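All of the numbers you see were taken from the coordinates with simple rules; none came from a lab. Since this is a predicted model, take the numbers as computed values, not measurements. Here Cβ is always computed from backbone atoms with ideal geometry, including for glycine, and neighbour counts include all displayed protein chains.
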Number of protein chains: 2
Amino acid sequence: MQGRNISDIIEAYLKQILAESERIEIKRSEIAELFNCVPSQINYVIKTRFTIQRGYLVQSKRGGGGYIRIEKVKLLDDRDMLDTMIQLIGEQINQRDALALVQKLYDDQVIERKEANLVLAATSHETLAVADRNLEEQLRAHILIGILNHLRYERE
Amino acid sequence: MQGRNISDIIEAYLKQILAESERIEIKRSEIAELFNCVPSQINYVIKTRFTIQRGYLVQSKRGGGGYIRIEKVKLLDDRDMLDTMIQLIGEQINQRDALALVQKLYDDQVIERKEANLVLAATSHETLAVADRNLEEQLRAHILIGILNHLRYERE
DNA sequence: TTAACTTTGACTAATATTGACTATTATTAT
DNA sequence: ATAATAATAGTCAATATTAGTCAAAGTTAA
């Protein structure tokens, strides 16, 4: 895992800082310059090594005073189930299966009733019927996966 | 929300004052001078950060003794607020405005933190970036409106 | 040898800053 | 009163300052 390549070195550098503080805020161009690489390599490092699956939350802002912020988050115990669910959803999912999935989340007390209803509202046929059936099911899949990924970690 | 650029700093300054009083009246040139920027930057800050979606009402007057007044508004009772918000969303909405809207829902205690995060997950760019930008914003609008309509009867 | 991973850079997108020009209102001079 | 002037704020487009995307090219490991 050591300095085999620049990406690994940058990863180590960032993680070393993250070992001491919960979050860091970098300026992409500065880090790029520091490691003598192109700025987009920073995006590559983040995309491959600071994923939510590994417990990192990344936010950024462009323009003057822009930044990339990496935050270490506490992953919850349900993540194996979440992984399974995400796999199960795949590329698309119909409303009936979505309902079953949300029901299971509720039964397992990952979400509460009110939250479950929110998710159902967001993924209902009525809400998503903007295009053809295929696109609708794809969208439902995307939204559910986005939600499941958010359920991975604890927030303050 | 911190001070990486002048606009953020000005925003924070104004909000700090607004945290204590319901309204604030400023003289554009004075604020500009205080933060060492051109006067029109104040307009930029107001336009991007003190929108009605975020719960601010802005009024101004030119000429001698002119001012800009920023007022924190309550969107009346919940039912009216939901209607108002649905109107504000319209046919499409970008992620930034959606964030502001959800923030407002949270601030007004219509939804709780975890629910707010779920909504944000469901409407994030990452989740909805399946087609072109226009469709993405339309979808975001649909989902948000679906959720708001759901909140009408969920709350009681 | 090939499949996965890394590096690079051209192009795109988002956000912020600036200033010239315009519009409105108040005050002063006639 | 009216006209000129001063004192505000508003608009808009050009420019600046960031970060993101994507695919081609290069490298490495199985």
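Which FRET efficiency value, to the nearest 0.05, is calculated for B:ASP108 and B:LEU34 with the Förster distance at 22 angstrom and r the Cβ-Cβ distance? Can you show the working numbers first?
Details: r = 31 Å, r/R0 = 1.41.
After rounding, the FRET efficiency stands at 0.10.
Based on the alpha-carbon set only, what is the convex hull volume of the protein assembly as shown divided per residue, in Å³?
Working: hull volume 52.6 nm³, N = 312.
Once divided by residue count, the hull of the protein assembly as shown is 168 Å³.
Give me log10 I(q)/I(0) at q = 0.13 Å⁻¹ for region A:6-72, Debye formula, one equal scatterer per alpha-carbon, no solvent.
Each listed q maps to, in turn, -0.31.
Neighbour counts of other C-beta atoms within 10 Å: give me A:ASP97, B:ASP108, A:ASP77, B:ASP97 arranged from fewest to most. Walk me through the intermediate numbers first.
Values: A:ASP97 16, B:ASP108 13, A:ASP77 7, B:ASP97 19.
Fewest to most other Cβ atoms nearby, the residues stand as A:ASP77, B:ASP108, A:ASP97, B:ASP97.
What ³J(HN,Hα) values, in whole Hz, does the Karplus curve 6.51 cos²θ - 1.76 cosθ + 1.60 give for region A:57-71 when θ = phi - 60°, with x put for Gly and Pro?
10, 10, 10, 8, 9, 9, x, x, x, x, 7, 10, 10, 10, 10
I'd like the distance between the alpha-carbon centres of region B:53-73 and region B:99-137, rounded to an integer number of Å.
28
Show me, bin by bin at 5 Å from 0, the whole-percent P(r) of region B:58-156 based on Cα pairs.
3, 12, 21, 21, 15, 10, 8, 5, 3, 2, 0
Rounded to the nearest 0.05, what FRET efficiency do B:GLN92 and B:ALA19 give with R0 = 35 Å and r taken as the Cβ-Cβ distance? Could you check? List each step's numbers first, then the result.
Details: r = 32 Å, r/R0 = 0.91.
Efficiency, from the Cβ-Cβ distance: 0.65.
Taking a point 7 Å out from Cα toward Cβ as the label site, list the nm distances between A:SER60 and the same residue in every other copy, smallest first.
3.3
Can you sort B:LEU18, B:LEU120 by how many other beta carbons sit within 10 Å, fewest first?
B:LEU18, B:LEU120
At a Cα cut-off below 26 Å, give the lysines reachable from A:LYS74, other chains included and same-chain residues fewer than 8 away excluded.
A:LYS74 reaches A:LYS15, A:LYS27, A:LYS47, A:LYS61, A:LYS104, A:LYS114, B:LYS114.
At B:GLN103, label 7 Å along Cα→Cβ: distances to the other copies, nm, ascending?
Distances to the matching label points in the other copies: 3.9 nm.
Within 10 Å of each residue's Cβ, count the other Cβ atoms and sort A:ARG4, B:ARG133 from fewest upward. Mind dumping the intermediate values first?
Values: A:ARG4 8, B:ARG133 12.
Taking fewest neighbouring Cβ atoms as first place, the list is A:ARG4, B:ARG133.
Along Cα-to-Cβ, 7 Å out, sits the label point; list in nm, shortest first, how far the one on A:ILE6 is from those in the other copies.
3.4
At 222 nm, what value in deg cm²/dmol follows for the protein assembly as shown if DSSP H runs of at least 4 each add -39500 (n - 2.57) and the sum is divided by all its residues, to the nearest 500?
-17500 deg cm²/dmol, from helical runs alone.
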